[in-house]
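Here is the structure we will look at, set down as structure tokens.
The values are calculated or read from the model by the stated rules, or taken from the named source; none is laboratory data. Predicted model only: the values in this text are computed from it and were never measured. Glycine gets a Cβ as well: all are built from the backbone with ideal geometry, and neighbour counts include every protein chain shown. Just so you know, the surface numbers come from the protein's heavy atoms only, side chains and all, with ligands and any DNA or RNA stripped out. Shrake-Rupley method; radii C 1.70, N 1.55, O 1.52, S 1.80 Å.
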Amino acid sequence: MEVIAVIAPLIGAIAAGLFLEEKPAQFLTCALMVVAAFVSLLLFRDICFLGTAPHTITLFDWISSGSLHVSWSVKFDQLTAVMAVVINVVSCMVHIYSVGYMHHDEHKARFMSYLSLFTFAMLMLVTAGNFIQLFFGWEGVGLASYLLIGFWNHKESANAAAVKAFVMNRIGDWGLALGIFAIFMVFGTLDYDTVFAAAASKKDLMVTFLDHQFPALELIGFLLFIGAMGKSAQLGLHTWLPDAMEGPTPVSALIHAATMVTAGVFLVARMSPIYEYAPHAREFITFIGALTAFVAATIGMTQFDIKRVIAYSTMSQLGYMFFALGVSAYGAAVFHLFTHAFFKALLFLGAGSVIHAMSDEQDMNRMGGIWRLIPFTYAVMWIGSLALAGVPPFAGFFSKDTILESAFVAHTPFSMMAYWLGIVAAFMTAFYSWRLIFLTFHGAPRADEKVMAHVHESPPIMTVPLAVLALGAIGAGLFFSKFFVGEARGEFWGNAIFVLHDNDVLSRTEEGVTGIYKFLPTIVGAFGIALAYLFYIRARHLPAVMAGTFGRIHDFLYHKWYFDELYNIIGVIPTFFLGRALWKTGDGEVIDGLGPDGIAEVVSASAVKAHQVQSGYIYHYAFAMLIGVVAIVAGYLYFFRGVF
């Protein structure tokens, strides 16, 4: 079964991309994803609840060079089982939804092939039993995301967004590659089980890097996290994420909900045996995660593109997951990954349903007054927003509150910073979630009459996946809380996650968080919803007043803290200048000018001169022959007779 769960999407990708027409490609890829999702659910049940032992299936030997031996294998433990369910179930819903959403597109088979290829690469990443296979899946996800983001390659903005995502992820991948090299140098192997078993023995080992001494596990932890920052769009390597909205909406759901952006969270959780002995690396993760949650939420409050608002909410929620990892609450981080997958995919696909109904309009300023026309979409967007805002008893309430409580209980300077920034971000999340609801569905219609005349509910091929995801957004937290982070977490996780006894904050959340701190996330969330209602329903002039009063702050947030402009100044412009100089001056004038082009010009000029000698007059040729005879005789006398 394990192999079926992983290989089924690959079969669909190959068949749809190389052999099948549109309708058969859609049917086959969706059918194979249904099979993969069903098998993943069975494996999740068997491994996490029925006591089936974690196991690794070796398919074949892959690399054997000196002391490096790498096999191609499929590793299934509790963490893999959770990730496989998230990936395959959400991807299955996205595949089915795409049949309806992309029905006007001319390249449906290619699109379905890319979706399945992306899913396979992500499954390779999470089922890897060694770091080389992990890196293969990691790069495969990067390639597939490039193809999906730039799928509409007739749009210049889509091509630019795809290149941006590819380049930004390569920066992070540089850190991941160095981390893997460091692991092989320290442990002499790249096998997970061997590395994790030896981690405790290396906690005091020092290594030299860039002419400085570092604790080996701290260095490895920092380098691996750089890779995670790129894939999971953490602050500093995040600017590709909102631009990825240029891809079709199903791509946004697949990348931002359950797959690519959660790869970094999975990586850190998988490496818990290393990070538990790298406290400074975990502090850095806490710091970056908290800042990411806060910064992304501030930007989300000012955006008007419906997909970009949801994209920044993804970035913010990823920040929560990372600062949970930083305080050793790995179970809470993966629990939020699990619940977030359902409600975020629901929000993206719900937004796609809105865009579909509004004739491809994405600007919320040109929507409004449509909730009666698309009631099902309106209902599921409410469910997704309630889960995102952490309103009980929806899924996000259980996982987000556990993360905040874990940060509070850890009670270190970095964890307390994360707690308070997380509280502020929770308020802003509730505010911009209901800002989206009110601007999109309520008030007077702001679209033109032609668009409003065509507003209609999406077909069942799109609404059924929404209903399935809505069930997950409602019940995933309530039903699985005790297993991921509650009293049954020890049996549920087994040895898939390693936590030192002193770092086990989840065991202290019940007694460690009391009074107002227990309810503060819910209180600020309710206040955020109420404020959005005031601004966008009761007193609609207030947003303009606030934007005018705090104009500079509003512009700063609307322009996304000017990260893109800053990177353009310090990175893009100098790089293009250097590249042009090397191209025009270095390559063109020096290398080509003195090399092939220069030699060619000399030969050409010589040929022109030689051509001029060929005048066609006999006396010119006779004179040339005479000069030649004189030169030959003079040379003979000089070199052989020594006359001169």
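Looking at V602, V630, just one residue is at pLDDT 85 or above and not small (G, A, S), and that residue is V630.
Considering only residues in the range 570-589 that are among the charged types (D, E, K, R) and modelled with pLDDT under 85, the one that is least open to solvent (accessible area, probe 1.4 Å) turns out to be D587.
Checked against the criterion of being modelled with pLDDT under 90 and within 30 Å of S328 (Cβ to Cβ), the candidates T509, T522 yield just one match: T509. Checking every residue in the range 246-266 against the condition of being out of contact with any Gly (no Cβ under 9 Å at 6 or more places or on another chain), buried (at least 24 other Cβ atoms within 10 Å of the Cβ) and not in a helix (DSSP H, G or I) gives at least one match. Among the residues of the range 545-559, some residue qualifies, meaning at least one is in contact (Cβ under 8 Å) with a residue 60 or more places away in the chain and not hydrophobic (A, V, I, L, M, F, W, C). Scanning the range 38-53 for residues that are open to solvent by 70 Å² or more (accessible area, probe 1.4 Å) and either touching a strand residue (DSSP E or B) at 6+ places or on another chain (Cβ under 9 Å) or closer than 25 Å to V265 by Cα (or both) yields F38, L41, R45, F49. If the condition is being exposed (fewer than 13 other Cβ atoms within 10 Å of the Cβ) and outside any strand (DSSP E or B), then the range 54-72 contributes G66, S67. Summed over the range 561-614, residues that are under 30 Å from H238 (Cα atoms) and either in contact (Cβ under 8 Å) with a residue 24 or more places away in the chain or assigned to a loop (DSSP other than H, G, I, E, B) (or both) total 4. Do we have V513 as within 27 Å of M364 (Cβ to Cβ) and either open to solvent by 50 Å² or more (accessible area, probe 1.4 Å) or not polar (S, T, N, Q) (or both) here? Here the answer is no, as V513 does not meet what is asked.
Do you know which residues across the range 444-460 are part of a helix (DSSP H, G or I), touching a Ser or Thr at 6+ places or on another chain (Cβ under 9 Å) and either open to solvent by less than 70 Å² (accessible area, probe 1.4 Å) or of a type in the set (A, V, I, L, M, F, W, C) (or both)? Explain how you work it out, then say what you get.
Within the range 444-460, the first condition is being part of a helix (DSSP H, G or I), and the residues that meet it are 449-453, 460.
Subsequent filtering for residues that are touching a Ser or Thr at 6+ places or on another chain (Cβ under 9 Å) retains 450-451.
Across the range 444-460, the qualifying residue is only V451.
If the condition is being outside any helix (DSSP H, G or I), of a type in the set (A, V, I, L, M) and over 26 Å from G443 (Cβ atoms), then the range 505-560 contributes only V513.
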